[in-house]
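Only the coordinates and a few stated rules stand behind these numbers; no lab work does. What you see is a predicted model, and the numbers here were worked out from it, not measured in a lab. Note that each Cβ is placed from the backbone with ideal geometry, even for glycine, and that neighbours are counted across all protein chains shown.
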Amino acid sequence: MGEESPKPASTPTGAVFLSYTSQDAEAAQRICEALRAGGIEVWLDQSELRGGDAWDRQIRERIHDCRLFIALISAHTEARDEGYFRREWKLAVDRTHDMLEKRAFLLPVAIDATPERGAAVPDKFHEVHWTRLPGGEASPEFVARVKGLLSPGPLTIARLPAGAASDSSPIPSTTGRPSPLRPALPMAVAVLVLAALAYVLISKPWISKPAAPPAKANAPSSLGAPPGAFSPPPHSIAVLPFVNISGDKDQEYFSDGLTEELINSLVEIEGLRVAARASSFSFKEHPDIATVARKLNVGAVLEGSVRRSGNTVRITTQLINAVTGFHLWSKTYDRELSDVLKLQTEIATTVASSLRVTLVGDVSAKIELGGTRNPAAFDAYLRASRAYWNGTGKQHLQNAISLYTEAIRLDPSYALAFADRSNAFVYFAGNYMSGRDIRATYDKALADAREALRLAPGLAEGHLALARYLLEGSLDFSQASVEYERAVALAPGDARVLSNYGTFAAQMGRSAEGLAAARRAVMLDPLNLLTHFSLGRALHSARRYSEAVAAYKDGLALSPEDAQIGVFLGLEYYLLGDFESARAACEPHPEYWASGLCLAMTYEKLGRHTQAEAELGKMKASSGDAAAYMYANIYAQWGNTKQALEWLEKALQLRDQGLQVLKTSPYLDPLRKEQRFQAVERALKFPN
């Protein structure tokens, strides 16, 4: 108990800080992966928020602590006179003036043909030898050089020797290949002390398998884990479903709900990377710590057991390092349900302390924001959440709404319940309502989102709920953008927020931002097919159809029979011109709403005109004018411009929520030069 895992001897903690501009994110990622594969710790900014006092403080700390500062230089950095990367450069240069030890610190790396002479970089950058890595492709020689610079002992010169290796040879200009936008706030990765919390069963033996030692270098990798030796990111953790040992199976909603609340609490701790709920809960039946750690690529696993008796609860926990297998601590908490919020804070901060994560700000205020101290309201909320996430169909959703309503009745200040009920109303309106009932349900969603934010203005879930209403319920894309960005700023480590924002941003034409967020969501929730679906949608909007196919196939690997991903995979095949594959992917799912869209377009391309007309006829018979936007897509792809424009104008009149993708939809490309199309686009007031 209490042992720390040993730090790797090959690389000092906080070894490399990698600075780059947003357009060079792909090159930075390649360099980062090569260095990490060589056993070098790298700080790479991949969160979603930039600026502010928190950013300034953290970035200063990281640059102060790092052993080597790598600055990526390209035509993109030359073109920008200001930006966060230039602030990082200045901080690094300032540090060189204060360094007492004579060792290399600055390492400029050009990833295109930017000339060294006359480049718009600090003077200090001209005092050291530049390395050139075409497109960020780092050679083994480059990795070896970085290791040499990081090795103990004095280094009397602050420059890399020139050599014949490929990484120092001139390179041609890079292409205009799209790359993810550099996300906003740097990831808090500081110390390679990894731990995990394995559950303790009260009055029962452990049932989890013990953590295995690190895998051999040639062991096969798992989903979410890098190839080779298991080396998860620092400060990363997964929370497995707490075991219900109350002796009543009906209490499982409580143990599951408490687990979800703890996951949300840990997400609030800045600097801690937390695997999302869906991925963690995929191990509910087989909680093997070593497997969990590798598949979710985390160094810590949190498990526990819950015994509830009336309004009292006992939670027992244990902390284990998933890399070394060391147990760090175990503890039992006995609490009244009214103290659950404080208990969540206590467990979360204890985990953070054990992982050597520096707590920033008032952590308890963040964790407890929007919650309740009313035991009955909390119980109703957990029941509602179970119905919302675990059920399918109209009845389950209505049940969830009723339970959220009960929680709000018991505690009218329960902001989280208002936010979640708003989300449920948005989903209900878009999927199960018709006629005037749609508008009435959307109005309820708006009222709930506003009330959640009135009660807790800093509640990310409230901003997400309002963003979803603005997007789907009112097609107010500019205000939706504001709310999505606010939600991401408040919860940069929440996979649900990132996934929603990623799809939205890409649909609005901000593909770099959208892809960065969607990819981070997949990283945090790799075993959730919905994050892969959202990434596929973002890639679709970015016109990266082959990559979208890969994203959807990753989702199908998790759920081979999923109709939604199957049909959207077919749509990507259609855009790639592989119409037989499109047909084969869409035909097995005639019940899914987008199947008709896929088959009507695909059959026409295959010359099967009668079947194409039949698919469109079935859609009109079942959906009427409610599918106006889809009809516009079909007619546009058939080359019937007149009909396509008429249905598009009808969709605008009906405020069809499908219009949210109009700005980037490839299916409507044949219409974009038409004045009537341009009038519809102007009326929707997409943000720039």
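Using 7 Å Cα-to-Cβ label points, what is the residue 625/residue 129 separation (nm, one decimal)?
7.3
Using a cut-off of under 15 Å, list every residue of segment 361-386 whose amide N is near the label point 7 Å from the Cα of residue 342 along the Cα-to-beta-carbon line.
Answer for this model: 364-365, 368, 372-375.
Among residues other than residue 552 whose Cβ falls under 13 Å from its Cβ, what is the net charge (Lys/Arg +1, Asp/Glu -1)?
-1
With each pseudo-label sitting 7 Å past Cα toward Cβ, what's the residue 61-residue 439 distance in nm, one decimal?
Result for the modelled spin labels: 5.2 nm.
Mark the label point 7 Å from the Cα of residue 398 along Cα→Cβ and return the residues of segment 427-454 whose backbone N is within less than 20 Å of it.
Output list for this probe position: 427-445.
Can you list the aspartates and glutamates whose alpha carbon is less than 15 Å from that of residue 124, not counting same-chain residues fewer than 8 positions off?
Cα-Cα hits under 15 Å: 88, 94, 98, 116.
Using Cα pairs under 8 angstrom and six or more residues apart, how large is the relative contact order of segment 546-594, in percent?
After rounding, I find 35 percent.
Give, in nm to one decimal, the length gained when the segment between residue 30 and residue 360 is fully stretched (0.36 nm per residue of separation minus the Cα-Cα distance).
115.7 nm
Take the Cα pairs of segment 553-595, get the Kirkwood Rh, then feed it into Stokes-Einstein at 20 °C and 1.002 mPa s and tell me D in µm²/s. Don't jump to the answer; show the numbers that get you there.
On the way: Rh = 10.0 Å.
Calculated translational D: 213 µm²/s.
Taking R0 as 56 Å, what's the FRET efficiency between residue 94 and residue 676 from their Cβ-Cβ distance, rounded to 0.05?
Step by step, r from the Cβ atoms, then E = 0.45.
At residue 613 and residue 476, where each label point lies 7 Å from the Cα along Cα→Cβ, what is the point-to-point distance in nanometres?
Label at residue 613, label at residue 476, 4.5 nm between them.
Could you work out how much longer the chain between residue 546 and residue 641 gets when fully extended? Use 0.36 nm per residue separation minus the Cα distance between them, nm to one decimal.
Length gained between residue 546 and residue 641: 31.4 nm.
Greater than 30 Å separation of Cα atoms is the criterion. Which listed pairs, 366/553; 394/650; 331/394; 366/394; 553/685; 444/553, meet it?
Those over the limit are 366/553; 331/394; 366/394; 553/685; 444/553.
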